[in-house]
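The values are calculated or read from the model by the stated rules, or taken from the named source; none is laboratory data. Keep in mind that this is a model prediction, so the values were computed, not measured. All Cβ positions, glycine included, derive from the backbone under ideal geometry; neighbour counts span all protein chains shown. Protein only, heavy atoms only, side chains kept; ligands, DNA and RNA dropped before computing areas. Shrake-Rupley method; radii C 1.70, N 1.55, O 1.52, S 1.80 Å.
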Amino acid sequence: MAITIKSAREIELMTEAGRILETVHNELKKALRPGMSTLEIDRLGEEMIRSYNCIPSFLDYNGYPASICVSVNEEVVHGIPNPERIIKEGDIVSLDAGVIYKGYHSDAARTYGVGEISPDADELIKVTRECFFEGIKYAKEGNHLFDISRAIGKYAEERGYGVVRDLCGHGIGMNLHEAPEIPNFEMQRKGVKLKAGMTLAIEPMINIGGWEVEWLSDDWTVVTRDRSLSAHYENTVLITEGEPRLLTLTSREVD
Ligand code: MF3
Ligand code: CO
């Protein structure tokens, strides 16, 4: 599949999809507290998404059974919400969500510490977020796609972290997953040339230990093989001739 270049109208719709998702994330952040189940987070998120006249894009995507991926501690991504899984103080929780607004998608993930967390966990969350911002330094017309990949991987590896290799970022638009795939590590090739109007979901997944992951028997939940902590941070990004526009992060004060 070719990489789509979005029209001004499409960008308008994706901007709105992004703004709504940013609001959902900010509300979920406020709601997150010890004692709540991962299913409660999902219910809250789905309700909010629908209240903005959006569709939760993850629900039923390839059979995924919920609207929000809630991945705790050693879970990397795609944790399935569960009424029995209770969030506790000291956990790190990744929330990944996607919405469809008038046919257009946005996709974003955040990782939060619940209450007091270990300094190592705190550093992991911080570095994962910084990886994203290192990557997008290269996200502009004329650069190559894998400039972004290299910057993300280098930043994490220099700090001793494992970079997940089995899952990638992706193009996004009328579909949740469009071309191109965006690895979070250095590639031999340069990758496609970036052009204004491309919309990309850039999403580093970073482990305290090794890069290796495995799938649990539910066939969704991805965990680190060594069961070390993992964090995820993602925004939907519009490529322009200048600075990239973060469609799911318009206010830099909130993460
Ligand atoms: N944010 C995830 C991604 O970028 C989507 C979750 S997959 C789903 O690939 F099946 F849970 F929807
Ligand atoms: Co994504």
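3J(HN,Hα) along the range 163-178: 9, 4, 10, 7, 10, 9, x, 6, x, 8, x, 6, 10, 5, 10, 10 Hz, from the Karplus curve 6.51 cos²θ - 1.76 cosθ + 1.60 with θ = phi - 60°, whole Hz, x for Gly and Pro. Taking GluC sites (Glu not before Pro) across the range 169-236, the ones in a DSSP loop with at most 16 further Cβ atoms lying within 10 angstrom of their Cβ are GLU186, GLU212.
For HIS144 and GLU89, FRET efficiency with R0 = 45 Å and r from the beta-carbon atoms, rounded to 0.05? Present the calculation step by step, with values, prior to reporting the outcome.
Numbers: r = 44 Å, r/R0 = 0.97.
Once rounded, the FRET efficiency stands at 0.55.
Rounded to the nearest 0.05, what FRET efficiency do GLU27 and ILE5 have when you use their Cβ-Cβ distance and R0 = 30 Å?
0.40
Annotation for the range 177-218: trypsin sites (Lys or Arg not before Pro) lying in DSSP loop with at most 16 further Cβ atoms inside 10 Å of their Cβ are ARG189, LYS190, LYS195. Computed from label points 7 Å out along Cα-Cβ, the spacing between ASN62 and GLU243 is 3.5 nm.
In whole percent, what relative contact order does the range 8-248 give with Cα contacts below 8 Å and a gap of six or more residues? All intermediate terms of the calculation are to be shown ahead of the outcome.
Values: 621 pairs, mean separation 52.1, N = 241.
With pairs under 8 Å counted, the relative contact order is 22 percent.
Computed from phi, the 3J(HN,Hα) profile of the range 91-96 under the Karplus parametrisation 6.51, -1.76, 1.60 (θ = phi - 60°) reads 6, 10, 10, 9, 10, 10 Hz, with x in place of Gly and Pro. The loop-placed GluC sites (Glu not before Pro) in the range 25-128, going by DSSP, that have at most 11 neighbouring Cβ atoms within 10 Å of their Cβ come out as GLU84, GLU116.
Average accessible surface for the chain: 44 Å² per residue, computed with a 1.4 Å probe over protein heavy atoms with every protein chain in place. 3J(HN,Hα) couplings calculated from phi for the range 55-60 with the Karplus curve 6.51 cos²θ - 1.76 cosθ + 1.60 (θ = phi - 60°) are, in sequence order, 10, x, 6, 6, 4, 6 Hz; Gly and Pro show x. Work out the FRET efficiency for GLU212 and SER37 from their Cβ-Cβ distance, taking R0 = 35 Å, and round it to the nearest 0.05. E between GLU212 and SER37, to the nearest 0.05, is 0.75. Pairs exceeding 20 Å between alpha-carbon atoms, taken from LYS126/LYS190; LYS137/LYS193; LYS126/LYS195; LYS102/LYS140: LYS126/LYS190; LYS126/LYS195; LYS102/LYS140. Just the protein heavy atoms count here, and of the accessible area of the chain at 1.4 Å, carbon and sulfur take up 48 percent.
Of ALA31, ALA201, ALA109, the residue with the greatest mean-square motion in the GNM of the chain, using alpha carbon springs below 10 Å, is ALA31.
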